[in-house]
Amino acid sequence: MGPYQNGGREWQPVGQPERVKTHEFMDTALGKAIPYGVDEVRGTQGFVSVGTDHDTAAFGVHAVRTWWTGDGALAYPKTRRLLICADAGGSNGYRVRLWKVELARLAAEAGLAITVCHFPPGTSKWNKVEHRLFAAISTNWRGKPLTNHAVIVSLIGATTSRTGLTVRAELDQRHYPKGVKISDEEMAALYLEPHSFHGDWNYTLRPGPPARRTPSMV
C-alpha cells in the first residue's frame, strides 16, 4: 500500500500522469492491507474484509462472521447449514488448527452446521472467488495507486460486473496475533465430523453434539 504503480491503464489528462514510486517497500506509517473475500456463489453479492494486521485464520473466520451477520443471515434467514469452499493452504488451509477452532466458535454463535470443502493442493485456480470476485476487483482498480486504506476500501466497494456483481467492503483494524497454538485437547473438544471421502479436506463443524438417534416406534 502506498504511491506505487498498479498494473493496467487509466485515462489521465495529457501531460498530467499520476506520479508513483518506482520501487515498492513496506511503509510502516501507512501499514498494509489484507483483503479476504467471501463470494456468494448463488447470488451476485460479494464481501471483502480489508485487514490491517496479520493474515491469520482468526482474521479469515471473522471475515466470514462479518459477512454472515451483515448479509448472509438476512438473505437466508431459515438456513441451518453453511458450505465454505476454501483453498488448501494459507490461513484457511486444511492443516491449520486455528481455522477449525475459530469456525467451531462461529458455528456455536450462529447455530449453524458449517461444512468446509478444501480444494486439493495446487488447484486453487478453480476457486470461483478468484474469477467472480477478485478478478473484477483487479479490473476495477487497474492503473490506480492504492495509497491508503480508504482508497482500497472505496475501490473494492465500487466494484461491479456485467453479470450484476456488487461488493460490500469493510476495514478490519482488529489485532490478530501470529503463532497461536492449538492443543490436542482443544481439537478433541470440537464437534468436528470428517467426511468419508478425504476427511482431512472435507468436514463439518457443528454447534453442538450430534443428536442421538432413538429407535423408531412401531
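The values are calculated or read from the model by the stated rules, or taken from the named source; none is laboratory data. Note that the coordinates shown come from a computational prediction; the quantities given were computed from them, not determined experimentally. For neighbour counting, all protein chains shown are included, and Cβ atoms are generated from backbone atoms with ideal geometry for every residue, glycine included.
Quick notes
- Subset of segment 1-17 [at pLDDT 75 or above, out of contact with any helix residue (DSSP H, G or I) (no Cβ under 8 Å at 6 or more places or on another chain) and surrounded by 12 or more Cβ atoms within 10 Å (Cβ to Cβ)]: 2, 3, 4, 5, 6
- So residue 27, is it of a type in the set (D, E, K, R) and in contact (Cβ under 8 Å) with a residue 40 or more places away in the chain: no
- Matching residues, segment 80-131, being within 20 Å of residue 196 (Cβ to Cβ) and touching a Pro at 6+ places or on another chain (Cβ under 8 Å): 88, 113
- When segment 132-164 is limited to residues that are in a loop (DSSP other than H, G, I, E, B) and β-branched (Val, Ile, Thr), the one that is farthest from residue 12 (Cα to Cα) turns out to be 163.
- For segment 137-177, a tally of residues being crowded, with 18+ Cβ neighbours inside 10 Å, modelled with pLDDT under 90 and touching a Phe, Trp or Tyr at 6+ places or on another chain (Cβ under 9 Å) returns 1.
- Qualifying residue in segment 123-136 (condition: within 24 Å of residue 2 (Cβ to Cβ) and either free of Cβ contacts under 8 Å to residues at least 12 places away in the same chain or surrounded by fewer than 13 Cβ atoms within 10 Å (Cβ to Cβ) (or both)): yes
- Some residue of segment 180-193 being touching a Phe, Trp or Tyr at 6+ places or on another chain (Cβ under 8 Å), surrounded by 10 or more Cβ atoms within 10 Å (Cβ to Cβ) and not in a loop (DSSP other than H, G, I, E, B): yes
- Here residue 129 does not fit the description of being assigned to a helix (DSSP H, G or I), within 23 Å of residue 30 (Cβ to Cβ) and aliphatic (A, V, I, L, M).
- Test for residue 38: is it surrounded by 19 or more Cβ atoms within 10 Å (Cβ to Cβ), under 23 Å from residue 173 (Cα atoms), over 11 Å from the mean Cα position of the chain (by Cα) and β-branched (Val, Ile, Thr): no
- Considering each residue of segment 196-213 in turn, none proves to be in a helix (DSSP H, G or I), out of contact with any Ser or Thr (no Cβ under 6 Å at 6 or more places or on another chain) and either within 17 Å of residue 49 (Cβ to Cβ) or not hydrophobic (A, V, I, L, M, F, W, C) (or both).
- Being under 25 Å from residue 158 (Cβ atoms), touching a residue at least 12 places away in the same chain (Cβ under 8 Å) and not aromatic (Phe, Trp, Tyr) is true of residue 63.
- Some residue of segment 48-70 being among the small types (Gly, Ala, Ser), in a helix (DSSP H, G or I) and exposed (fewer than 15 other Cβ atoms within 10 Å of the Cβ): yes
- Only a single criterion out of (1) outside any helix (DSSP H, G or I); (2) within 16 Å of residue 191 (Cα to Cα) is not satisfied by residue 121, namely (2).
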